[in-house]
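Only one structure is covered here, and it is reproduced in the block below.
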Amino acid sequence: MTESKKLPMIYVTQPFLPPLEEFLPYLEQIWKSKILTNGGPFHQQLEQALCEYLGVRHIALFTNGTIALVTALQALRITGEVITTPFSFVATSHSLLWNGIKPVFVDIDPNTLNLDPAKIEAAITPQTTAIMPVHCYGHSCNVDAIQRIADNYNLKVIYDAAHAFGVQDGQGSILRHGDLSVLSFHATKVFNTFEGGAIVCPDAKTKVRIDQLKNFGHVGEVNVVAPGINGKMCEFNAALGLLQLKYVDRSIARRKEIDADYRERLTGVKGIRCLNGAGEQVANYAYFSILVDDAYPISRDDLYQKLKDNGIHPRRYFYPLISDFPMYRGLPSAHRENLPVATRAAQQILCLPIYPDLDMSVVAEITRFIAAQ
Ligand SMILES: *Cc1c(COP(=O)(O)O)cnc(C)c1O
């Protein structure tokens, strides 16, 4: 690509929206019934539909993924210290601070960039009560190794599965692993309800508890059993979710094509490594991430800036590391010597544009640009 031939502004993602006219009947129904929230019919239908689509037993919808993370920790009464990854969106660790829990950062695996199970045991103390891993980019964590450690030390496991909508391993949804999994339906995610989230839980009793906690701790009209929060998804978002669900398979199929195209076009470009998943049976292609190493002619940040100057807006997910933010960097586990793999990944990572409406000719331009440096 020459400097003069500028591309249109391309962002790392563009939210998927269904045709507006298809949403109008849902809105009419809300206006007619005047049921706007508090577990109305669309809320119930979406919980049911998501259980079927994802292949999970119980799901509790939320206003957003962050409130769902905060509530998941409350539901399991997690306290003390929780082992987590520094290579994630800041909401992962923030949900711990909102519960007065101390995050303990553990380094990541260089291949998947997920929490490295081999490093977890050394970080366990008498105060440790849980592990909060992230299925980063929708690539599955080493769930078996993590569960073995949790069983040995009697720890709970709460997965931040914000990226992992629809991902399956050989036995089914990866959301069935651990004690709870938390989804995000934010506009930037594979499946969006504008804002939204959910907790996937294994049994009905836990769902009842979570449903109380997301509704102020109310049980019936006059009882309040816990200092719950208002985390309920309203009917507008739930209705939108029902409509989005009709399109999500097509969206993921399109993402898969784009992912394959990037991989093919970037093969053999020196200094660029396309991140692979952990061999998921069904992937969701939520992100397309590359690592820019020393063999590449320019630095990751120079490539990032050059792409931006040409109208392409990739993102450095995740740079800076969570452990480098002011409210975390004083923690002993936040020291860079403790996190060498994550520190290097944060310096090399670049997420390229991927979304259902992305034109293949843009993928060609982006990869040509990267190869031409
Ligand atoms: C998006 C995201 C969240 C937060 O979800 P919201 O719905 O935006 O509150 C949490 N963790 C990770 C890893 C995310 O990417």
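Condition check: over 14 Å from A198 (Cβ atoms) and either of a type outside the set (K, R) or touching a residue at least 12 places away in the same chain (Cβ under 8 Å) (or both). Does A122 satisfy that? Reasoning before the result, please.
On the way: over 14 Å from A198 (Cβ atoms): yes; either of a type outside the set (K, R) or touching a residue at least 12 places away in the same chain (Cβ under 8 Å) (or both): yes.
Answer is yes for this residue.
So which of F23, F42 is more than 30 Å from I258 (Cβ to Cβ), part of a helix (DSSP H, G or I) and in contact with a helix residue (DSSP H, G or I) (Cβ under 7 Å, 6 or more places away or on another chain)? Give the steps one after another, and end with the answer.
On the way: F23 fails: more than 30 Å from I258 (Cβ to Cβ).
Result: F42 is the single residue among F23, F42 that is more than 30 Å from I258 (Cβ to Cβ), part of a helix (DSSP H, G or I) and in contact with a helix residue (DSSP H, G or I) (Cβ under 7 Å, 6 or more places away or on another chain).
Can you give me the number of residues within region 86-95 that are over 11 Å from M327 (Cβ atoms) and more than 9 Å from the ligand (Cβ to nearest atom)? Spell out how you get there, then give the answer.
Restricting attention to region 86-95, the residues satisfying the condition of being over 11 Å from M327 (Cβ atoms) are 86-89, 91-92, 95.
Checking the rest, the ones that are also more than 9 Å from the ligand (Cβ to nearest atom) come to 86-87.
Number of matching residues: 2.
Looking at (1) of a type in the set (A, V, I, L, M, F, W, C); (2) in contact with a Cys (Cβ under 9 Å, 6 or more places away or on another chain); (3) in a helix (DSSP H, G or I), can you tell me which one A278 breaks?
Here A278 clears every test but (3).
In region 150-169, which residues are out of contact with any His (no Cβ under 9 Å at 6 or more places or on another chain), farther than 25 Å from Q127 by Cβ and assigned to a strand (DSSP E or B)? Working first, answer last.
Residues of region 150-169 out of contact with any His (no Cβ under 9 Å at 6 or more places or on another chain): 150-156, 158, 165-166, 168.
Subset that is farther than 25 Å from Q127 by Cβ: 165-166, 168.
Residue satisfying the conditions is Q168 alone.
Restricting to region 66-84, and then to whatever is within 10 Å of the ligand (Cβ to nearest atom) and touching a Phe, Trp or Tyr at 6+ places or on another chain (Cβ under 7 Å), can you tell me which residue is farthest from F191 (Cα to Cα)?
Initial filter on region 66-84 (within 10 Å of the ligand (Cβ to nearest atom)): 66-70.
Next, only the ones that are touching a Phe, Trp or Tyr at 6+ places or on another chain (Cβ under 7 Å) stay: 68, 70.
Details: A68: 16, V70: 21 Å.
Among those residues, the one meeting the criterion is V70.
Report yes if H335 is surrounded by fewer than 19 Cβ atoms within 10 Å (Cβ to Cβ) and in contact with a Phe, Trp or Tyr (Cβ under 7 Å, 6 or more places away or on another chain), otherwise no. Steps first, answer last, please.
Working: surrounded by fewer than 19 Cβ atoms within 10 Å (Cβ to Cβ): yes; in contact with a Phe, Trp or Tyr (Cβ under 7 Å, 6 or more places away or on another chain): no.
No: the conditions fail for H335.
For V269, indicate whether it is hydrophobic (A, V, I, L, M, F, W, C), surrounded by fewer than 19 Cβ atoms within 10 Å (Cβ to Cβ) and not assigned by TED's automatic domain parsing to the domain that holds L350. Let's see the steps before the verdict.
Numbers: hydrophobic (A, V, I, L, M, F, W, C): yes; surrounded by fewer than 19 Cβ atoms within 10 Å (Cβ to Cβ): yes; not assigned by TED's automatic domain parsing to the domain that holds L350: no.
Taking the combined requirement at face value, the residue does not satisfy it.
Restricting the search to region 63-83, which residues are assigned to a strand (DSSP E or B) and touching a helix residue (DSSP H, G or I) at 6+ places or on another chain (Cβ under 6 Å)? Before the answer, list the steps.
Step one: filter region 63-83 for residues assigned to a strand (DSSP E or B), giving 81-83.
Once the filter is applied, which keeps residues that are assigned to a strand (DSSP E or B) and touching a helix residue (DSSP H, G or I) at 6+ places or on another chain (Cβ under 6 Å), region 63-83 yields V82, I83.
Going through region 49-65 one residue at a time, which ones are crowded, with 24+ Cβ neighbours inside 10 Å and within 12 Å of the ligand (Cβ to nearest atom)?
Of everything in region 49-65, those that are crowded, with 24+ Cβ neighbours inside 10 Å and within 12 Å of the ligand (Cβ to nearest atom) turn out to be L61, F62, G65.
Of the residues D301, D309, D293, which is touching a helix residue (DSSP H, G or I) at 6+ places or on another chain (Cβ under 8 Å) and surrounded by fewer than 19 Cβ atoms within 10 Å (Cβ to Cβ)? Step through it out loud before you land on a result.
Working: D301 fails: touching a helix residue (DSSP H, G or I) at 6+ places or on another chain (Cβ under 8 Å); D309 fails: touching a helix residue (DSSP H, G or I) at 6+ places or on another chain (Cβ under 8 Å).
One residue alone meets the criteria, D293.
For region 198-216, check the following and say yes or no: at least one residue is more than 13 Å from L61 (Cβ to Cβ) and touching a Cys at 6+ places or on another chain (Cβ under 9 Å).
yes
Please verify whether region 211-222 includes one or more residues that are at negative phi, touching a His at 6+ places or on another chain (Cβ under 9 Å), buried (at least 23 other Cβ atoms within 10 Å of the Cβ) and not assigned by TED's automatic domain parsing to the domain that holds P340. Steps first, please.
Let us first name the residues in region 211-222 that are at negative phi, namely 211-215, 218-219, 221-222.
Next, from what is left, pick out any that are touching a His at 6+ places or on another chain (Cβ under 9 Å): 212.
Narrowing the set further to residues that are buried (at least 23 other Cβ atoms within 10 Å of the Cβ) leaves none.
No, there is no match, as no residue in region 211-222 is at negative phi, touching a His at 6+ places or on another chain (Cβ under 9 Å), buried (at least 23 other Cβ atoms within 10 Å of the Cβ) and not assigned by TED's automatic domain parsing to the domain that holds P340.
Restricting to region 170-229, give me the number of residues that are closer than 26 Å to R254 by Cα, within 16 Å of the ligand (Cβ to nearest atom) and not in a strand (DSSP E or B).
Matching residues across region 170-229 total 14.
Take the residues in region 126-145 that are within 23 Å of A286 (Cα to Cα) and among the β-branched types (V, I, T); name whichever of them is surrounded by the most Cβ atoms within 10 Å (Cβ to Cβ).
The selected residue is V134.
For region 239-253, enumerate the residues that are surrounded by fewer than 18 Cβ atoms within 10 Å (Cβ to Cβ) and under 18 Å from I354 (Cβ atoms).
The answer is Y247, D249, R250, A253.
Regarding L46, is this residue modelled with pLDDT of 95 or more and either of a type in the set (D, E, K, R) or loosely packed, with under 15 Cβ neighbours inside 10 Å (or both)? Give the steps one after another, and end with the answer.
Working: modelled with pLDDT of 95 or more: yes; either of a type in the set (D, E, K, R) or loosely packed, with under 15 Cβ neighbours inside 10 Å (or both): no.
Here the answer is no, as L46 does not meet what is asked.
The values are calculated or read from the model by the stated rules, or taken from the named source; none is laboratory data. The structure presented is a predicted model; accordingly, all values stated were derived computationally and were not measured. Methodologically, a virtual Cβ is constructed for each residue, glycine included, from the backbone with ideal geometry; neighbour enumeration extends over all protein chains shown.
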